[in-house]
Amino acid sequence: MLAKKLQVAPNSWAIRLSFQSLIGLLVAVLVIGAIYLTEESKQFLEEEAEDQASSTPHQTNNDSSSISQCDLFSGKWVFDNKSYPLYKEQSCRFMSDQLACQKFGREDLMYQNWRWQPHRCDLPRFNATALLERLRNKRLVFVGDSLNRNQWVSMVCLVETSIPDPMLKSMHTNGSLITFKASEYNASIEFYWAPLLVESNSDDPVIHRLPDRIVRAQAIEKHARHWTDADILVFNSYLWWRRDKMKILGEEWGRSADQNCYNETEPINEEGYWGSGSDPKMMRIVEETINGLERRGLKVQMLNITQLTEYRKEGHPSIYRKQWDPLTEEQLARPEGYADCIHWCLPGVPDVWNELLHAYIVSI
């Protein structure tokens, strides 16, 4: 159930740190994680691309495809059922029933076989061992809503299938924090539920479907104490701040206005496509903010996966997921009415988000 309205409460709680100050601290933590390309990183990515050119059939090796000169986010989706998916849904011990589309009856599985191909280079293939080595004695924490949890589950599946010994991996839940631990590396990949980042009445990781949403816009300390010693942070909150503005996208996909992702089986093939749900103005604000941080001496790299994700209208769970509430007769008669067109089937699109994240982390 979507929120009817969002209320922002006044500063009535005792606040020791301002929102901007703490965000500055968190950005500093992110910078310590150093998710950006240095000259050394560029060389690493170039060498890895060259190594993979001789080991995977889709890779090519030419001077013009140097990653140091490449925009990894400008490209196209290529069907590749030889090297994708990177893992099997049923082989991931920690798969979520909300994302296990094959388990819940989806028969067209081509959504698992699409590879992101940048125009002028190749995206380094995900190397779980190399990533875990980079994360040795470190914390990688995803903070946000269920979309960020979607990416976290993808990352856990990408990593845990490379650890065959069940005694060397574990999952632990403590309130809003879920931790996957690779004990051999003393590395943790965690998810913390904070859908609006700041405090809200939706902070319960289970009971958060409320008709009226209330946030404390400058109260972030309650959540942030769980992140401040993290080495790498991945944030996501955008959707929850705009949930009262969501719209059905069937018409712009060439279907009737009352249709959505239900029964979609192919990506959008129009290169340069932007959906109406994207907000270029907000992207510019983010870029300007990052530029402002760089002027203050903080180097930050934004991984903008918006457009490459927009193409994948067929990658959503639709009706193929666990239903938390019994379906009504009306829903059964009109399945598109309860289709999930927000989250993503796994294996699927979030794996590519993590391939991009992996490229930067491993290159540190």
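Bear in mind that the values in this text are calculations on the coordinates, not laboratory data. For clarity, every value in this text was computed on a predicted model and none was experimentally measured. Here Cβ is always computed from backbone atoms with ideal geometry, including for glycine, and neighbour counts include all displayed protein chains.
How many angstrom lie between the Cα centre of the stretch 95-143 and the Cα centre of the stretch 184-205? Centre-to-centre distance over Cα atoms comes out at 20 Å. Scaling the Cα radius of gyration of the stretch 100-140 by the globular reference 2.2 N^0.38 Å produces a ratio of 1.75. Less than 12 Å Cβ to Cβ from Leu357, Lys/Arg counted +1 and Asp/Glu -1: what total charge do the surrounding residues give? Here the charged neighbours net out to -1. Over the Cα atoms of the stretch 100-237, each weighted equally, I'd like the Debye log10 I(q)/I(0) at q = 0.09, 0.12 Å⁻¹, rounded to two decimals. So the normalised log intensities are -0.35, -0.60. Residues in the stretch 208-215 carry Karplus couplings, in order, of 9, 8, 10, x, 10, 9, 10, 10 Hz; the curve used is 6.51 cos²θ - 1.76 cosθ + 1.60 with θ = phi - 60°, and Gly or Pro positions show x.
When the convex hull of the C-alpha atoms of the stretch 140-210 is computed, what volume per residue in Å³ does it have? Show your work: numbers first, answer last.
Details: hull volume 6.1 nm³, N = 71.
It is 86 Å³ per residue.
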